[in-house]
Structure formats: C-alpha cells, structure tokens
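The values are calculated or read from the model by the stated rules, or taken from the named source; none is laboratory data. Since the model is a prediction, treat every value here as computed from it, not as a measurement. FYI the Cβ positions are ideal-geometry reconstructions off the backbone, even for glycines, and counts take in every protein chain you see. For accessibility, only protein heavy atoms count, side chains too; no ligands or nucleic acids. Shrake-Rupley method; radii C 1.70, N 1.55, O 1.52, S 1.80 Å.
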Amino acid sequence: MQQFRGGPALSEFRVQKLLADLRKPIPVVSGLATEFRYFVDVAGSLDAGEERILGELFAESRPPAPAPPAGTMLLCVPRLGTVSPWASKATDIAHNCGLAKIHRIERGIAFHLTHTGAPLPH
C-alpha cells in the first residue's frame, strides 16, 4: 500500500467553522489543518511512467504543502471492508489510463490538530 499526500481537504471557511465547533468540547485545540490522503493498493511497484500518470490523476488545484502540517493527525477513511463510490470511480479511471497494476485507490482526510497545554482527550 502506497500513500500520497494531496491538497487541502476543506476550504478555510470550513476549517474555521470546524475549529470553532471543536473548541467548544475541547478547549485546548488551538489549530486545525486538513489534507487529502490517497492510498493505492498496487501489485509490485510502479515504473516512472506509471508514477507520472498517477501523479497527474492526483493533481489538484491546490497542491500539498511542502511538509505535512504540525500537530496530532487524525485520519478519516472509509470503513474497512467497504469500497467507497469515490474509490470505485478512481480505480476505474486508473485502469482506463493503463495502470493495470493498481488494485484499488482510496481517499481519506487527514485532520491535523494542534493544541495548547493539556494533551487531547482520548
């Protein structure tokens, strides 16, 4: 399984709204950043040409930051044992682009929480 970072998953407006909602029950939360994460189940390894095609499929209007955001990462992905509609379509597109080695592509959202003082509750 290979993992790739994507661009921001939520707009700044949505991040600020979610941050305000999080601070109500968990006041130690001081910041929030989000990014898409792509998970690729591939047979073997991809050659340079296949990696280029996959990179073009993941190209977004807002590219990922040079380094992952700071803070505690919470990863939100589809439930194990299920295949999301997004994954079905993305995998079909990859196969139509000649990426036959790919078994499945899935997308999740990484939430990076920064906090002050006390640790985050479990």
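How many of the residues making up region 101-122 are closer than 22 Å to E35 by Cβ and of a type in the set (G, A, S)?
2
From (1) under 30 Å from A20 (Cβ atoms); (2) open to solvent by 80 Å² or more (accessible area, probe 1.4 Å); (3) assigned to a strand (DSSP E or B), pick out the condition that doesn't hold for H122.
Checking H122 against (1) under 30 Å from A20 (Cβ atoms); (2) open to solvent by 80 Å² or more (accessible area, probe 1.4 Å); (3) assigned to a strand (DSSP E or B), the one that fails is (3).
For the subset of region 100-119 comprising residues that are within 25 Å of P85 (Cα to Cα) and more than 21 Å from the chain's Cα centre (by Cα), which member is least open to solvent (accessible area, probe 1.4 Å)?
My answer is K101.
Give the residues of region 20-51 that are within 19 Å of the chain's Cα centre (by Cα) and surrounded by fewer than 16 Cβ atoms within 10 Å (Cβ to Cβ), sorted by residue number.
G31, D41, E51
Are any residues in region 29-73 at pLDDT 90 or above, closer than 30 Å to G117 by Cα and hydrophobic (A, V, I, L, M, F, W, C), and if so, which ones?
Within region 29-73, V29, L32, A33, F36, M73 qualify.
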